[in-house]
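The values are calculated or read from the model by the stated rules, or taken from the named source; none is laboratory data. None of the values given here were measured: they were computed from a predicted structure. FYI the Cβ positions are ideal-geometry reconstructions off the backbone, even for glycines, and counts take in every protein chain you see.
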Amino acid sequence: MPKNRIGSAPKPSNAALAEPTSKPSANTVSPATHAPPTAAKAALSPAQSPDSFVYVSGSTVTPTDTKHEEAFWFAPHVYMRMVGPMGRRGPIGMYGPLGTAGPVGSWAWNPSRYITGTLGWEDPQKALTKDGGPLSKDGPLGEHGPLGEMMDATVSNPYQPGGMYAVLGPWGVLGALGPLGPLGPVGAHGFSSTKQGDYVDKDGNVQRTIRTQWSLTEAKDWDLVEDYSEKRARELPDNDTSFLVEGSIARTELSDTYRFRSKVDQYVSVLVLPELATAACFPHLRFRGAEEAAQKAMANPFAAAQEMWTAGLKAYDDFDVEILNGEGKVVARSNLLGGADWIHIKVPADTELQARVKLRNSLHPSDKPYRLFVVGSNSATVDPAALPTPWEVIDKKTE
């Protein structure tokens, strides 16, 4: 376990930037390799592009994968269930805190609309920080917070950067560096946001980073997590790895692509969620009522199951997400049918990538809104070769 998780960018790990075990043919993607990647032949400097990326995603951690079950509750078939931790009704699904009903968004009930969407409060924020607030050394961005060395022993390997379930961990989309933390739209930075999603200070200057105290003797710079409009996210020439986008796609033939660049050697978590979802977790109970649905299920179980399946399909849009390199080649993807699509990928410093959102399925004629989350671990690195992770390797030159 490395001692310096958050700090200067380390050199890429040879094991992390591994070569594929076999060369795929043109226009194909190699299947998931469940063994850890082998060591590369030569070290790569941070400025160079590796021959391949290694990643874990919703498509590589499947419900039927039983090859890496260190414990029952860490087994993919448990985590990936519909109501499991990584299912579409779990914490990273559309009914979780990152969904439409959560604290972040542009709807009237989203608290972020009032915390950063109206007036700035920089002066109260400074006073709050002096009193040990969220941006102080005693907060979640300090050395004693969830990102510090003292917490390493309390975080299981699958949730560490590079782990199988890292998207759920302290460095993932739900953690302190994500949109729900002090750097995001409901954060304690005190900046107000424009309609396009940029944070501005009291003088009207756009702010992309903020400096906080990591310890008594050390300060760190962090990327703020902006809630961009689709137009603003597309036009940004130098977007970082900490942002979310509220966009929409009209039909299945279309897709949206957003560029971002990693400043340091890090892991980046990407998640796409549909905004269109019913308020109830079980649509058939909402439409017919619990008592009537229970009676129907007892009288005709097959018809009840068919109705629940049909109502569930109409309850949400299904999006997939892909990561492309600077040349537009696919290097990672998650394309679950009806699941929460996410990618956790190792990215070298000064590497430009693109996140592409694709509409897989929809059963209504109106626009299909979605939310795309991109959260970097900010130099937090773990050698994936030491973790039992079902990594998938895709050759950048073949697709």
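Numbers for the structure displayed
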| item | result |
| --- | --- |
| Residue within the range 270-289 that is at pLDDT 90 or above, small (Gly, Ala, Ser) and surrounded by 19 or more Cβ atoms within 10 Å (Cβ to Cβ) present | no |
| Test for Pro348: is it buried (at least 19 other Cβ atoms within 10 Å of the Cβ) and either modelled with pLDDT of 95 or more or more than 19 Å from Gly58 (Cβ to Cβ) (or both) | yes |
| Of all residues in the range 319-334 being modelled with pLDDT under 95 and buried (at least 23 other Cβ atoms within 10 Å of the Cβ), the one that is farthest from the chain's Cα centre (by Cα) | Val331 |
| Enumeration of residues in the range 182-220 that are farther than 19 Å from Arg234 by Cα, outside any strand (DSSP E or B) and among the hydroxyl-bearing types (Ser, Thr, Tyr) | Ser215, Thr217 |
| Long-range neighbours under 7 Å by Cβ, at least six apart or interchain, first residue touching a residue at least 60 places away in the same chain (Cβ under 8 Å) and over 16 Å from Leu363 (Cβ atoms) within the range 314-340, second of a type in the set (A, V, I, L, M, F, W, C) and assigned to a loop (DSSP other than H, G, I, E, B) | Ala340/Met86; Ala340/Ile92 |
| First in the range 351-379 and hydroxyl-bearing (Ser, Thr, Tyr), second anywhere and at pLDDT 95 or above and not in a strand (DSSP E or B), Cβ under 8 Å, 6 or more apart | Ser377/Leu177 |
| The range 88-105: number of residues that are β-branched (Val, Ile, Thr) and over 17 Å from Gly175 (Cα atoms) | 1 |
| Candidate set: the range 156-207, residues that are without any contact (Cβ under 8 Å) to a residue 40 or more places away in the chain and β-branched (Val, Ile, Thr); chosen: the one nearest to Trp107 (Cα to Cα) | Thr194 |
| Those strands (runs of 3 or more DSSP E) lying entirely in the range 222-281 with at least 2 residues among the basic types (Lys, Arg) and more than 18 Å from Tyr199 (Cβ to Cβ) | 255-262 |
| Those helices (runs of 4 or more DSSP H) lying entirely in the range 59-177 with at least 3 residues at pLDDT 85 or above and either of a type outside the set (D, E, K, R) or over 14 Å from the mean Cα position of the chain (by Cα) (or both) | 112-115, 122-130 |
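Every residue, every condition in (1) crowded, with 20+ Cβ neighbours inside 10 Å; (2) within 26 Å of Asp341 (Cβ to Cβ), yes or no:
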| residue | (1), (2) |
| --- | --- |
| Gly139 | yes, no |
| Met151 | no, no |
| Ala166 | yes, yes |
| Gly169 | yes, yes |
| Val186 | yes, yes |
| Asp201 | no, no |
| Val206 | no, no |
| Arg234 | no, yes |
| Leu244 | yes, yes |
